[in-house]
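Presented below is the structure to which this report refers.
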Amino acid sequence: MITFRALFQRTNQFCILVPTMNKMLALCIASCLVMTSVSFSQKKDKAIYIDKEACLALVGYINNTTIIKNITVHLYMGSNLVDSLKPKSSKDFGFILKRNQRYSLHIIAPGYYSRLLIINTDLPDNISTLPLFAFEFELMLLKEKKGMDDFYLDFPIASISYDAQVKKFTFSQKYTSFMEKEVSKAESDFKVRKSTH
């Protein structure tokens, strides 16, 4: 399952606040210094200096009720690994993405199906990236089940891109709904097969 909601689509402040299980993660974003790749996965406040080509603060949260150990989040630009992190117990993570790039976010944990999101940061030339756009999502990792059809779990769960009509980054609801429906169907079929054996 994946949930998306607007964090702050654009912020004139230098802070993005993300609520995390009775804690607030404050990410101070200063756009005047240059850095090539930025990620965060901390309980404490952390200053983040971003690239002048940065356009999107992508913030994720693993929403499983059970504790999952050794979660790793890989960020790829095209086919190149550009960043990797291991979220702490807060299960929050995030990246600052550059404009006009194609990214994929791969979330893995032992004993769970990996999850993949694709992000297209193409923006029209007349769109300013200051203040940054922001996009927040939550997802649950599914436990691996021997014998379950995992065909649809190999596909991205979401496709995120800029929507010129609403002037913010959004996700394809139609695509994500279809993928969630197919994964739920695979889980249901697995339960039926398991109960008849």
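The values are calculated or read from the model by the stated rules, or taken from the named source; none is laboratory data. Since the structure is predicted, the reported quantities are computational estimates derived from the model, not experimental observations. Neighbour counts run over all protein chains shown; Cβ positions are idealised from the backbone, glycine included.
Kindly indicate which of Ser195, Ser177 is polar (S, T, N, Q), over 25 Å from Ser79 (Cα atoms) and over 20 Å from the mean Cα position of the chain (by Cα). So that I can check it myself, show each step before the final result.
Working: Ser177 fails: over 20 Å from the mean Cα position of the chain (by Cα).
Just one listed residue meets the conditions, Ser195.
Restricting attention to the stretch 107-131, and to residues there that are charged (D, E, K, R) and either touching a residue at least 12 places away in the same chain (Cβ under 8 Å) or crowded, with 18+ Cβ neighbours inside 10 Å (or both), which single residue is nearest to Glu180 (Cα to Cα)?
Arg115
Restricted to the stretch 122-173, and to residues that are within 30 Å of Asn70 (Cβ to Cβ), among the aromatic types (Phe, Trp, Tyr) and not in a loop (DSSP other than H, G, I, E, B), which residue is farthest from the chain's Cα centre (by Cα)?
Residue satisfying both the conditions and the ranking: Tyr152.
Give me the pairs: first residue in the stretch 55-74 and within 11 Å of Ala109 (Cα to Cα) and surrounded by 22 or more Cβ atoms within 10 Å (Cβ to Cβ), second residue modelled with pLDDT of 95 or more and among the hydroxyl-bearing types (Ser, Thr, Tyr), beta-carbon distance under 9 Å, and six or more apart or on different chains, which are they?
Val73/Ser84
Scan the stretch 57-76 for residues that are under 19 Å from Pro156 (Cα atoms) and in a strand (DSSP E or B) and report the count.
Of the residues in that region, 10 qualify.
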